[in-house]
Amino acid sequence: MIKIKLPDGSVREYAQGSTGMDIALSISEGLARNVLAAKVNGKVVDVSLPINEDSDFQLLTWNDLDGKATFWHSSAHLMAEAIEAIYPGTKFGIGPAIDTGFYYDIDMGEKTLSSEDFKKIEDKMLELARQKNEYTRSAVSKTDAIKYFEEKGDEYKLELLDGLEDGSITFYQQGGFTDLCRGPHIPNTGFVKAVKLMSVAGAYWRGDISRKQMTRVYAVTFPKQKELEEYLTLLEEAKRRDHRKLGKELELFAFSEKVGMGLPLWLPKGTMLRERLENFLRRAQVRAGYSPVITPHIGSKELYVTSGHYAKYGADSFQPIHTPDEGEEFMLKPMNCPHHCEIYKTKPRSYRDLPLRLAEFGTVYRYEQSGELHGLTRVRGFTQDDAHIFCRPDQVEDEFMKVIDLVLYVFKALGFDNYSAQVSLRDPENKEKYIGKDEDWDKAEAAIIKSAAAKGLPTVVELGEAAFYGPKLDFMVKDALGRKWQLGTIQVDYQLPQRFELEYTGSDNQKHRPVMIHRAPFGSLERFVAILIENTAGNFPLWLSPEQLAVLPISEKYEDYANEVFLRLQEQDLRGYIDHRDEKIGRKIRDAEVNKLPFMLIVGEKESEQGMVSVRKKGEGDLGMMPIDEFIKIAQEEVNKNIIKY
């Protein structure tokens, strides 16, 4: 007998070799009908897999993220089966689940696939799904696996097999389709009840631009037709809120091919929005004891060799800049932290000087592949609200908790309620990806876990997501489509202080090594603004709006009074413009609404005679005619209501 510990903490005994489905049936037949996969000792597996030892156990359904991922990966196999049936001879690359469904990279030879082909593929997938074919797993020798794909002429699978060891290779088959796959998969195709192919795109095999470009087919599936319909409705709303669309309409930012892909140009309104965000955080940082610094946009290559960034990311960075001096090389700054380490070293430090908190809105550059660029959420040049705290080991937990407070303050002030905290740890099976001693990693990971628990922060643990120099606490925020983006991050680092030989003199008059905490509540201003645009649909709170109001004279006769009103508003730090155009007032109002102006102040004969303004508020309509000072009071009260004091 083996002991199975369930998520509620209860323990049940089962015969050795029992499967996840056996356990599900012992609990409830209704539950068993909805089980997609199981998690055994933290690993997601087929529910048909025998369990031979005492285990922590969880059944996964559509309501679990791992259950969805298994459902969508299985659907990728189903789509491949449909495509192979319609287009014999198609070759297949990889078909993973993603946050919004799945994709499969395919090579159709001389054929091309377009949206006109979607319907027949969808119909074929549903036809195959109704057959309720089981996903069956089989272990295959490397020799037999190579022979199978040689006969199919699929060079992509053969290349994948090159990196696999004999004894670790498995195939999955459903219906007439067999694929090289580790799994896991759902029990059978019958769970798939709704299908929608979303788009096609080009994708270089293994992300290498020197390799052949394949066709990437994106799709999504659901266990109910109603859920697909709800998703498509959400997708339409997401399109309406897309930061790329709104950014252009609201004249916030732009991209230029001549400037370069992934390098945003901030327009005047976007710059005002960005500056308000920066000033908001600067004020909070001053109160939290941070000192501002500025570092160059480039650094000697040797700086990043010392930090370890060049060894880890050099191949994915912009290539070094060679100067006329022989052997002299610089790099566009990929990280701010090495520069801050050098600032720390500018003078001797005592234990009384710590913690030292250095903050910078530092612009960094990383060479993202062109296919991965996406508006402001993934760019090649971006500004981090970066800071590095140099502290004594006994100060780490307290400083870490203070940073959590700062991140949560930022999220609350900006209305980011839909977030989760992710403890990103080292992959214990792949330690060569990281630098430093095990004991330092253990201390850093323990500090993060303890600090998050002390703050009552609900967290999920992700192995393998740590930075190469230390573990971190990542704040994952959902956008309008429910996709997760990493914004705020806090990292504990014992490695860079060693690599840069940072020291302080302790109370014992001996030299000691400080600990470094990296933190960025916004993450990057670019990504933060993108998510902010989508969360608000461009309807920013009054304190943050680039333009808070528009003064709309009914005709040119009231231009002088409009100028007088606007001057009074400017004196009270209210921002906006006068619409001097020779247009009817109805057109001016409509245009101000399209531009999402929080307030419109209409001035005409009555208003100018009585020294008043007629006010319209976005979302509320007419507020009536009132003295200018009364409007100023209303606007200032709303600004004060929006801003949460730190």
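Read-outs: derived from the displayed coordinates by stated rules, not from any lab. All figures in this text were calculated on a predicted structure; none of them were measured in a lab. Note that we place each Cβ from the backbone using ideal geometry, even for glycine, and neighbour counts take in every protein chain shown.
Brief remarks on what is shown
- Considering helices alone, the calculated mean residue ellipticity of the chain at 222 nm is -11000 deg cm²/dmol, with DSSP H runs of length four and up weighted by -39500 (n - 2.57) and normalised per residue.
- Ratio of Rg to Rh for segment 324-393: 1.11 [Cα atoms; Kirkwood radius as inverse mean 1/r over pairs].
- Segment 254-293: Rg to Rh, with Rh as the Kirkwood radius over Cα pairs: 1.19
- Distance from segment 28-54 to segment 326-389 (C-alpha centre basis), Å: 45
- Here the chain is assigned +1 on the Cβ of each Lys and Arg and -1 on the Cβ of each Asp and Glu. Its dipole about the Cα centre then comes out at about 660 debye.
- Rounded to the nearest 20, the Cβ-based charge dipole of segment 143-264 about its Cα centre (Lys and Arg +1, Asp and Glu -1) stands at 600 debye.
- Radius of gyration over Kirkwood radius for the chain, both on Cα atoms: the Rg/Rh ratio is 1.02.
- Between the listed residues Leu263, His243, Asn279, the Cα displaced farthest toward the positive end of the dipole of segment 227-290, a dipole computed from Cβ unit charges relative to the Cα centre, is found at Asn279.
- About the Cα centre, charge dipole magnitude for segment 2-61 (Lys/Arg +1, Asp/Glu -1 at Cβ), debye: 120
- Across segment 66-240, the volume of the C-alpha convex hull divided among the residues equals 122 Å³ per residue.
- Cα pair distances in segment 253-536, grouped into 5 Å bins until the bin that holds the longest one, percent each: 1, 5, 12, 16, 19, 18, 14, 9, 4, 2, 0, 0
- The mean sequence separation of alpha-carbon pairs under 8 Å and at least six residues apart, normalised by the residue count of segment 66-240, gives a relative contact order of 26 percent.
- Charge dipole of the chain about the Cα centre (unit charges at C-beta), most positive-ward option of Ser350, Met401, Thr170: Met401
- Average Cα contact separation per residue, the chain, under 8 Å, 6 or more apart, as relative contact order %: 9
- q = 0.09, 0.12, 0.20 Å⁻¹: log10 I(q)/I(0) that the Debye formula gives for segment 381-536, counting C-alpha atoms only: -0.30, -0.53, -1.28
- Selection from Ala203, Gly93, Ala76, by position along the positive dipole direction of segment 66-240 (Cβ): Ala76
- For Lys91, the aspartates and glutamates whose Cα falls under 14 Å of its own Cα, not counting residues fewer than eight places away in the same chain, are Glu81, Asp105, Asp107, Glu110, Glu150, Glu151, Asp154, Glu155, Glu159, Asp179.
- In terms of packing, defined here as the mean over residues of other Cβ atoms within 10 angstrom, the peptides 200-210, 285-295, 92-102 line up highest first as 92-102, 285-295, 200-210.
- Against the empirical 2.2 N^0.38 Å (N residues), segment 206-325 has a Cα radius of gyration ratio of 1.62.
- DSSP beta bridges fully contained in the chain are about 85 percent antiparallel.
- Shown for segment 2-61 is the translational diffusion coefficient from the Stokes-Einstein equation, using the Kirkwood radius over Cα pairs, a temperature of 4 °C and a viscosity of 1.567 mPa s: 117 µm²/s.
- Sorted peptide list for 234-240, 539-545, criterion being average Cβ within 10 angstrom, highest first: 539-545, 234-240
- Cross-link table Lys402/Lys455; Lys5/Lys39; Lys196/Lys226; Lys239/Lys618; Lys433/Lys478, entries beyond 18 Å C-alpha to C-alpha: Lys239/Lys618; Lys433/Lys478
- Base-10 log of normalised Debye intensity for segment 549-642 (one unit scatterer per alpha-carbon) at q = 0.19, 0.21 Å⁻¹: -0.84, -1.04
- C-alpha center-to-center spacing [segment 567-646, segment 164-191] in angstrom: 63
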